[in-house]
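To start, the structure itself, in structure tokens.
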Amino acid sequence: MSGTGGDGVHRPTLELVEPPEPEVPAGTEVRWSVRVCCPSGCDLASSHLTVATGNTDVGASVTWEEDDGGAALARVVARAPTEVGEVRWTVTLPATVAGEHAHEAATLTVVTRTVPHATSLAVWGVPSPVRGRPFSVWVGVKCREGCPLRGHGVEVRDDAGREVGTGALKRATRPGTDGLYEAEVTLAAPAQPGVFFLDAHFPTPEGEVPHEASQGTFSFRTLDPPEHVVRVRVVLAHEASLAGVEVRVGPYEAVTDERGAAEVGVASGTFELSVRRIDLEPVSRELRVTGDAEVELVASPRRRVDADEERLWM
């Protein structure tokens, strides 16, 4: 095609030199760059460019630069539709006069696709073991684009897909986080002992901007309900505080008070009774529980304290 029409009107061209991302989250900014050239070398910088989807002008922002070859480079920023699917943007340089010459209109089609906003989900505060009573967990959800998710629902389902608990995300984000909304969900512990797995779900919410669903799995352990009380007294063979000693009777646990005493509710059975603190030598013994009991254990100072043993390595 000649650069000049038969009537002397110049024919500019539009060339996409920096395309947009092929997929962009719905309702977010989309950026691309267009080189605007006149074959006769006319300066078309600062010409009026329009950007439309269908017949609707999207009110895009256009800033002009000069590329390495001296041609006019238009940096375009537009807001993507909130609907999901292919988007065909029409960039138009209307017929204009630059210098002493008239220029024909020119158009360029730019194609991208909008996708739902990605979300992520986390579960924390899961008590384990659970002793045959209702308990709560916290479910947090975040939009990758920072959308407010307040008021949207979360669900917890069992391994058969049945809903066992629901909650609504709070109005304010979790303190100390960037855009994480949280909900408390109350659950009923299974009657039988064992290890159980549940799925927390953030279903696709209704709203102006589409979001992806997300989910996460968590587990907890249930124990037989306590039938008896084991009263444990820790005696130290040296001068030290008696508080904060971990006492375990099998899977049941407690912490000593300043007198070195702890009460542990347990079911009937034979368990390992152990006491532990970082500065003490571990002490353990077998304990058969058929009723309430009182036990005294003597602990000694640890010969070498290794802080690494207190760390959880991932």
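The figures follow:
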{"item": "Inter-centroid distance (Cα atoms) of segment 73-92 relative to segment 195-237, Å", "result": "44"}
{"item": "Sequence-separation-based contact order of segment 1-108, relative, with Cα cut under 8 Å and 6+ spacing, percent", "result": "31"}
{"item": "Additional length obtainable on full extension of the chain from D292 to R157, 0.36 nm per residue less Cα span", "result": "44.8 nm"}
{"item": "Solvent-accessible area per residue for segment 40-136 (1.4 angstrom probe, square angstrom)", "result": "52"}
{"item": "Fraction of alpha-carbon pairs over 14 Å apart in segment 148-195 - percent", "result": "59"}
{"item": "Gain in span if fully extended, E23 to S128, counting 0.36 nm per residue against the direct Cα distance", "result": "33.6 nm"}
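The values are calculated or read from the model by the stated rules, or taken from the named source; none is laboratory data. The structure presented is a predicted model; accordingly, all values stated were derived computationally and were not measured. Just the protein is used for accessible areas: all its heavy atoms, side chains included, with ligands, DNA and RNA removed. Shrake-Rupley method; radii C 1.70, N 1.55, O 1.52, S 1.80 Å.
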